[in-house]
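Here the structure is laid out as structure tokens; the discussion comes afterwards.
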Amino acid sequence: MHEKCGVVGISLSDRDAARPLYYSLYALQHRGQESAGIVTHDGFQQYEHVEMGMVGDAFDGPALESLNGSNGVGHVRYPTEGGVNECCAQPFSVSFKSGSLGLAHNGNLVNADVVRDDLAEMGHAFTSTGDTEVIAHDLARNLLESDLVRAVKATMERIHGSYSLTIMHDETVLGVRDPQGNRPLCLGELEDGYVLTSESAAIDTLGGELIRDVEPGELVVLRPDGSGYDSYQLVDNESTAHCFFEHVYFARPDSVIDGNLVYDVRRELGRRLWEEAGVETDVVMPVPDSGRAFASGYAEAADEDGADTEFAEGLMKNRYVGRTFIMPTQDERERAVRLKLNPIRSTVEGRSVTVIDDSVVRGTTSTQLLEVLEEAGAEEIHVRIGSPPIVAPCYFGIDMASREELIAADRSVGEIETEIGADSLAYLSIDAITATLDSDRSDLCLGCVTGQYPYDVEDEEHDREVTRPTIGAADD
Ligand code: AMP
């Protein structure tokens, strides 16, 4: 089971953490709509509420009221194959000899099966197929023999792959980021406490201040009285593997990830897209919302170059069609694009247009959009994409579709251009991504655009059929 999610952990001095956790999960809703959960601790016992569905549906008044304690962790889970998966809703909580644990995980382990088998042989019984339970049992076992910091270190040395975790051990909340920092995790200060979360937008929502990213291989322990935090660099990070796709698509544009404001990154990628593959058309329009920042950077750079191009909205999005709107068949997926996006005729009719989106996965959106724009009277349609072709699946936390479903897995750009019916199609280069993120390829995970991964993956094991929600995220 692959965990594609948002996580949060909060410690406050003198008020219940449930409501701030709830607001944070709302801020992280785009990272997962399948289930939402909160686990708190009041110094005596652990409280838990985990339910399928969006945050607003999972927590009504009484549910929040019942979560006592000023420390807690929360989780939103991304939909995976089959849509609904009650077994793997999180945080995963367990009570054992040396206390209680609540774990929220974003990422994916590559050796979960091995660790699970070893633990099963030692007598551990598992109730789910998720990686998170494996981490919980390994940590529980290590906690029997050593203190919290040493136990986390031993678990970090045992598990391989990508993980950003918020964990509650009794009433102590901690955050851990894998040694390569694949998934984001950051630390913030609130008026009366501290917060660890996948994205800084959640800290803003609580009226707090982003302090910094949690470092790859670092453990941050929040003091349960909300007075501060302690940090331990537990595993040295020789090289990082930050996911570039967080910047391109997954994260909120108003979040700062690994030092970069996502909105600025997307605009810069748009500018570079113009420099690399600009085409002068009557109008430049984004695919809302995911293409918007790219399109504005692209149009700005075009304008600076003296291009006579108008930047306008040419597509209107039905905001009530979200990621949870999973379409089982290709036919339904195609219709769903039309349900989600409708053209604004005055922008399009009788004009040459450039349509900008962040990425192409299966090609469903682009193919359908082109038909829609053609029907609305567009004379020429040029497609520009703010990331390189996605040629391979993601095994580390973003549900991308299986290799066979990826339109670019076995087609050239020219072939894709013909298949989607564009007058021209161009993608951004990998070099533009690395230059924008000020990286030399080695510190990013570019697995989905290169097929080369920072961790060992066994294709047969992982390259499973994924029924990805194909019409984009709730905030697309
Ligand atoms: P597709 O229609 O399959 O080519 O998907 C491309 C559209 O889905 C683009 O508009 C992207 O913004 C969006 N997208 C990209 N990656 C994902 C993902 N992992 N989950 C959901 N939507 C995505």
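Just so it is clear, none of the values below were taken in a lab; they were calculated from the coordinates. Quick caveat: nothing in here was measured; it's all calculated off a predicted structure. Positions of Cβ are generated from backbone atoms using ideal geometry, with glycine treated the same way; all protein chains shown enter the neighbour counts.
Here are a few things to note about the model shown:
- Calculated mean residue ellipticity at 222 nm for the chain: -8000 deg cm²/dmol, from DSSP H runs with n ≥ 4 weighted as -39500 (n - 2.57), summed, divided by the residue count and rounded to 500.
- When peptides 365-377, 227-239 are sorted by average Cβ neighbour count within 10 Å, with the highest value leading, the order is 365-377, 227-239.
- Extension gain, T127 back to S412 (0.36 nm per residue minus Cα-Cα distance, nm): 98.2 nm
- Spatially close Lys pairs in the chain, defined by Cα atoms under 24 Å apart and a spacing of eight or more places or different chains, total 4.
- Inter-part distance where the range 245-314 and the range 164-195 are each reduced to a Cα centre, Å: 31 Å
- Placed amide H near S162: partners under 5 Å, 5+ positions off or other chain: N108, L109, V110
- Placing pseudo-labels 7 Å out from each Cα toward the beta carbon at S239 and D440 gives an inter-label distance of 1.1 nm.
- Gyration tensor (Cα) of the range 266-438, equivalent ellipsoid semi-axes in angstrom: 23, 21, 15
- For the range 294-301, Karplus couplings with θ = phi - 60° (6.51, -1.76, 1.60), whole Hz, Gly/Pro x: 4, 5, 6, x, 4, 5, 4, 5
- F396, F250, F126, F44 arranged by Cβ crowding within 10 Å, fewest neighbours leading: F44, F126, F250, F396
- Length available on full extension from D289 to E276: 0.36 nm per residue minus the Cα-Cα distance, which gives 2.4 nm.
- Label-reachable residues, the range 348-363, where backbone N falls under 20 Å from a point 7 Å from D303's Cα toward its Cβ: 348, 352-357
- Note that the range 179-194 has calculated 3J(HN,Hα) couplings of x, 9, x, 5, 9, x, 7, 9, 10, x, 10, 10, 4, 10, x, 9 Hz, one per residue in order, obtained from phi through the Karplus relation 6.51 cos²θ - 1.76 cosθ + 1.60 (θ = phi - 60°); glycine and proline are x.
- 0 to 90° range, to nearest 10: angle between helix 364-375 axis and the chain longest Cα axis: 30 degrees
- Relative to the dominant Cα principal axis of the chain, helix 262-277 is inclined by about 30°.
- A simple spin-label model places pseudo-atoms 7 Å from Cα toward Cβ; at D230 and D57 they are separated by 4.3 nm.
- Nearest-0.05 FRET efficiency for T450 and E380, computed from C-beta distance (R0 51 Å): 0.95
- Protection-proxy order for peptides 255-261, 69-75, each taking the mean of Cβ atoms within 10 Å per residue, highest first: 69-75, 255-261
- Percent of Cα-Cα distances greater than 42 Å, calculated over the chain: 16 percent
- Sequence ranges 428-441, 280-293, ranked by mean other-Cβ count within 10 angstrom, highest first: 280-293, 428-441
- Stretching the chain fully between E371 and D264 yields a gain of 35.4 nm (0.36 nm per residue, less the alpha carbon separation).
- Helix 131-145 and the longest principal axis of the C-alpha atoms of the chain enclose an angle of approximately 30°.
- Residues whose placed amide H lies under 5 Å from that of C445, excluding near-sequence neighbours: H242, C243, F244
- Measure of compaction for the range 6-241 (Cα Rg per 2.2 N^0.38 Å): 0.91
- 12 Å cut-off, amide nitrogen to a point 7 angstrom out along V114 Cα→Cβ, residues in the range 436-456: 456
- Long-range amide H partners of V173 with built H, under 5 Å: L222
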